[in-house]
């Protein structure tokens, strides 16, 4: 809460068409370039894109997902961008309609996502964690991932809620890994390894702020390429 007003994140929903077929494993990189291109049309966002810090936005993969995991040119899909910065979303909404961004936008609208109690969070796109310059893999253990989710969420929440104080205990009541093998995402001619997880959230105020921040800014790392996009219950 800041000045008596709840801080909320907003969601930009975009209906669009790809100019060519895109495989699912390359989609994160493609859409991240689309958003980055849209940011170049605004000087403030251009600086934000080049800063080496938390971007505090996250986007989903397009829906619906094709059975063969290849998005088709000429078909309409929908993807979502979330951010705590409404100015950012308004600017992207305006700029992304430029065909130079790489997609043909058919419709775009922004909706607020009010603060609500969250009992569990599930990642729809893989979450990514680096350990000593290597990606976390399933053999490293789920408890390491749990602790990394906590510390990463605390750093982001301090940026969103300036009055937030890091709690002594983890806000995660339980964690479940949803895939047996690491998921591979292609980016810049390399492979990023991640996993999908479900986390159970404690009910106290600090835990709820951490959970809400994850929903608006993404879980763990590489959120600006769409990794760590989540749904809540």
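Quickly estimate the mean residue ellipticity at 222 nm for the chain, helices only: each DSSP H run with n ≥ 4 gives -39500 (n - 2.57), and the total goes over all residues, rounded to 500.
Result for the chain: -9000 deg cm²/dmol, rounded to the nearest 500.
Given the C-alpha centroids of segment 139-217 and segment 102-121, what is the distance between them in whole angstrom?
19 Å
Note down the nm distance, to one decimal, between modelled labels 7 Å out along Cα→Cβ at residue 159 and at residue 110.
Taking the simple label geometry, residue 159 and residue 110 are separated by 1.8 nm.
Springs between alpha-carbon pairs under 10 angstrom, Gaussian network model over the chain: which of 223, 182, 28 fluctuates most?
Greatest mean-square fluctuation among the candidates belongs to 182.
Under the 0.36 nm per residue contour assumption, what length would be gained going from the current alpha-carbon distance of residue 124 and residue 76 to full extension?
Difference between extended and current length: 15.3 nm.
Along the Cα-to-C-beta direction of residue 180, a point sits 7 Å from the Cα; which residues of segment 117-142 have their amide N less than 15 Å from that point?
138-139
Starting from the Cα-Cα distance between residue 233 and residue 140, subtract it from 0.36 nm times their residue separation and give me the gain in nm to one decimal.
Difference between extended and current length: 30.7 nm.
Compute the whole-percent fraction of alpha carbon pairs in the chain spaced more than 30 Å apart.
Summing the P(r) tail past 30 Å for the chain gives 23 percent.
Can you tell me how much longer the chain between residue 46 and residue 21 gets when fully stretched, taken as 0.36 nm per residue apart minus their C-alpha distance, in nm with one decimal?
Roughly 6.2 nm would be gained on extension.
Every number here is computed from the coordinates shown, using simple stated rules; none is lab data. What you see is a predicted model; the values in this text were computed from it and never measured. Methodologically, a virtual Cβ is constructed for each residue, glycine included, from the backbone with ideal geometry; neighbour enumeration extends over all protein chains shown.
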